[in-house]
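Here's the structure, in structure tokens; my notes come after.
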Amino acid sequence: MIKACELCKGACCETIVLHPRTWGLSAAALQWVELHGEIFKDGLRLACPCKNLINGACSDYENRPDVCNDYIVGSINCREAVKLLRTETQVKKIFQEMDK
């Protein structure tokens with residue numbers, strides 16, 4: 001496992017980022033989305049921990065869904081999850097490992 005991942009313990013597996021504005025949702029559907037997540041300029045964050053995240057690691061890595069591939073270590077999705085769910089001190093340490 002990559003050192004940054006060991007420090008992070010699965011922030012990418014605790015949340016997901018969606019882009020509802022591109023879906024053409026009805027006003028009622030968009031209201032539901034707003035009530036269940038945090039809307040930001042590029043999308044929506046939903047807290048939805050993965051059932052396969054055990055002790056900060058994927059317990060079924062070989063069979064993970066394709067969406068997990070969007071969270072490549074150091075990618076924008078990865079960094080956003082870390083910033084959202086980890087303390088400032090943790091973020092600094094994790095990012096230092098990513099940038100090595």
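The values are calculated or read from the model by the stated rules, or taken from the named source; none is laboratory data. Note that the structure is a prediction, hence the values are computed from the model and not measured. Reconstructed Cβ throughout: ideal geometry from the backbone, glycine too, with neighbour counts over all protein chains shown.
Couple of notes before you dig in:
- Residue that is of a type outside the set (Lys, Arg), within 14 Å of the chain's Cα centre (by Cα) and over 21 Å from Ile2 (Cβ atoms), where the choices are Gly43, Gly24, Gly74, Gly56: Gly43
- Cβ-Cβ under 6 Å pairs, at least 6 apart or on other chains, the range 64-78 side under 12 Å from Cys13 (Cα atoms), far side modelled with pLDDT under 80 and surrounded by fewer than 16 Cβ atoms within 10 Å (Cβ to Cβ): Asn77/Asp70
- Only one entry of Asn69, Asn63 meets the criterion of being under 30 Å from Leu30 (Cα atoms) and not charged (D, E, K, R), and that entry is Asn69.
- Pairs meeting the criteria (first residue in the range 31-50 and in contact (Cβ under 8 Å) with a residue 12 or more places away in the chain and closer than 14 Å to Leu84 by Cα, second residue part of a strand (DSSP E or B) and among the β-branched types (Val, Ile, Thr), beta carbons under 6 Å, at least 6 apart or on different chains) are Gly43/Val17; Arg45/Thr15; Arg45/Val17; Leu46/Ile16; Ala47/Thr15; Cys48/Ile16.
- Residues of the range 60-95 that are among the polar types (S, T, N, Q) and either modelled with pLDDT of 95 or more or closer than 18 Å to Gly43 by Cβ (or both): Asn69, Ser75, Asn77, Thr87, Thr89, Gln90.
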